[in-house]
Amino acid sequence: MSNTLKRTLGLTTLIAIGVGQVIGQGAFVSLLQGVGISGTGFMIAMLIAFVLTLGHAFTFSELSLMMPKAGGISTYTEVAAGHLPAIVVTIGGYLSLAVFAGAADLFLLDFVFSFLYPGSLSHIGLWIYLIIVLLNILGVDVFASTQNLVAYTMLVALLIIGFEGVRSSETQDIPFTNLFTNMDSLNWGMLSLTMFAMWAFLGIEFMCPMIEETKRPDKNVPKAMIITLFILLLVYGLVALAGYHKVPGKELVESQIPHWLLVKSIFGENGRFIMAFIVITAAASSFSTGIASISRMLYGMSKNNQLPGIFGIIHPKFKTPWFSIIFQCGLAISVYLIFQNSQNVVILLIISSAALWLLVYIMAHIDLIKLRKKYPEFHRPYRSPLFPVFQIMGIIAMIYLIINNSPSPEMTKGVYLNAGLFLGITTLYAVVWIKYKMKKPYFEGESIERVL
């Protein structure tokens, strides 16, 4: 039996992957709370975040097409900077986020349903998650069909909410003219809102580890990334404007589920079913993309000998990395079950791992800069425009966002301690594995020819 992945995914599914990872409840909450803090400042911060993630799309498109391998950032980094940073940035930046974000999404889904329908549908998040896990194992065709259905259904639902909210003309609605009258009060403090806005776009690179299963990746990957970003700008821009127009800012900031306030303000109490539909499709889409993409990263790392060989096993019938899927999801479910009565701990852990996620973007930009110098004549199906402007801008911006990642001064110490702990554990594994198993230098890049 062939131990290789099946090339199935087209442009529409890649867009669904990009959209699906980003459109989740966490991004929805962050978006509306950012609008609640400062409508004018947040809209500007959203445009800044869009430009920054456009730079991410350019960088990941060039890297993924230079080295079209499932490992994603681990593959690019092992060539540019060596195995130690490759292992640390992938496990620390992606696996930790997937585990804690997965658990947090389960908690949020349970919480919303307990609010909408008290006393019913206990642990609904876990059941939806297990269904998505099974669908991911059953094959990339099943994954593609599921992802297309939930992602595009979610997009339509958000467009309806956005349009209905924006066009509303009820007497209590907040006028859009206030957005312009508040321009004089803006200052550099609005940059702190960029972190809220970034959640509307972060994650489009999750389509890159699926590249070994993508048809015509040289055309489809860059196109899918850029189209996805413009779709997200349109959809989330409309939702942000609707939130500003329909719900007082203080209420959005103080609510744990501001998306319910927006839905209720548009559809009234009858919006409960709409809200339930939105949170289920958002969670399913986010779960599915994260499981598929990160399992391929683990698969690729195994192929690069950076993880034990079992992570690289492909199911003989379904052609999916089944062990990588089960390992990743098993960790997320364990966190969910262990911390059921301490959900604030998971919130702290996800913010901590988000700081490490931003390190991935810094590393990707550094990889591209180094590889342009190391392999100037290497064939590149796609080249990042205005190099290295977007890369330098992205590195500076991500450093700023890491420093300002904590939502409150009280949480800052805990965020940095946890992030340092994650990095320490990952680095310890990488040092021991490279020294005794791989027997390779820590910071010497592999040749691109060997990797390919």
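FYI, it's all coordinate maths here, none of it is from the lab. All of these numbers come straight from a predicted model, not from anything done at the bench. FYI the Cβ positions are ideal-geometry reconstructions off the backbone, even for glycines, and counts take in every protein chain you see.
Counting only Cα atoms, I'd like the Rg/Rh figure for the range 166-256, Kirkwood definition for Rh. It would help to have the intermediate numbers written out before the result.
Numbers: Rg = 17.9 Å, Rh = 16.2 Å.
Using Cα coordinates only, the ratio equals 1.11.
Label-to-label distance, Ile396 versus Ile338, with points set 7 angstrom from Cα along the beta-carbon direction: 4.1 nm.
Working ranking of peptides 423-436, 356-369 by packing, defined as the average number of other Cβ atoms within 10 Å per residue, highest first, is 356-369, 423-436. Taking the charge dipole of the range 11-451 about its Cα centre, with +1 at Lys and Arg Cβ atoms and -1 at Asp and Glu Cβ atoms, the residue from Ala70, Ala101, Ser30 reaching farthest to the positive side is Ala70. Translational diffusion coefficient, Stokes-Einstein: compute it for the chain using the Kirkwood radius over C-alpha pairs as Rh, at 25 °C and 0.890 mPa s, and state it as an integer in µm² s⁻¹. This corresponds to a translational diffusion coefficient of 111 µm²/s.
What size of dipole, in debye to the nearest 20, comes out for the range 11-451 about its Cα centre when the only charges are +1 on Lys and Arg C-beta atoms and -1 on Asp and Glu C-beta atoms?
Values: 26 positive and 22 negative charges, 257 e Å.
Here the range 11-451 has a charge dipole of around 1240 debye.
Normalised radius of gyration (Cα atoms, divided by 2.2 N^0.38 Å) for the range 29-103: 1.44. In order along the range 349-354, the Karplus-derived 3J(HN,Hα) couplings, from 6.51 cos²θ - 1.76 cosθ + 1.60 at θ = phi - 60°, round to 5, 6, 5, 5, 6, 5 Hz, and Gly and Pro are given as x. The length gained by stretching the chain between Phe443 and Leu47 to full extension, at 0.36 nm per residue less their Cα-Cα distance, is 138.9 nm. The distance between label points at Leu121 and Lys435 comes to 5.1 nm (points 7 Å beyond Cα on the Cα→Cβ vector).
Taking 12 Å as the straight-line reach from the Cα of Lys6, the aspartates and glutamates in range (excluding those fewer than 8 positions away in the same chain) are Asp141, Glu212, Glu213. Legend: P(r) of the range 151-302 from all alpha carbon pair distances, 10 Å bins from 0, whole percents, reading 9, 31, 32, 19, 8, 1. Seen from a random direction on average, the alpha-carbon convex hull of the range 108-160 projects onto 4.3 square nanometres. Using the Cα gyration tensor of the range 1-148, with a ≥ b ≥ c the square roots of its eigenvalues, what is the shape: rounded (a/c below 1.5), prolate (a/b larger than b/c) or oblate (neither)? Oblate. Under the simplified labelling scheme, the Leu149-Tyr375 pair shows an inter-label distance of 3.9 nm, with each label point 7 Å from Cα along Cα→Cβ.
In the range 308-452, the alpha-carbon atoms span a convex hull of 175 Å³ per residue.
The H on the amide N of Thr214, modeled in the peptide plane, is under 5 Å from the matching H of Thr8, Leu9, each at least 5 residues off or on a different chain.
Structure note, pairs Lys413/Lys440; Lys246/Lys413; Lys69/Lys413; Lys319/Lys370; Lys223/Lys373; Lys317/Lys370: Cα-Cα distances above 28 angstrom occur for Lys413/Lys440; Lys246/Lys413; Lys69/Lys413; Lys319/Lys370; Lys317/Lys370. Comparing Cα centroids, the range 102-157 and the range 23-56 end up 24 angstrom apart. Sorting the segments 128-139, 147-158, 380-391 by their residues' average number of neighbouring beta-carbon atoms within 10 angstrom, most packed first, yields 147-158, 128-139, 380-391.
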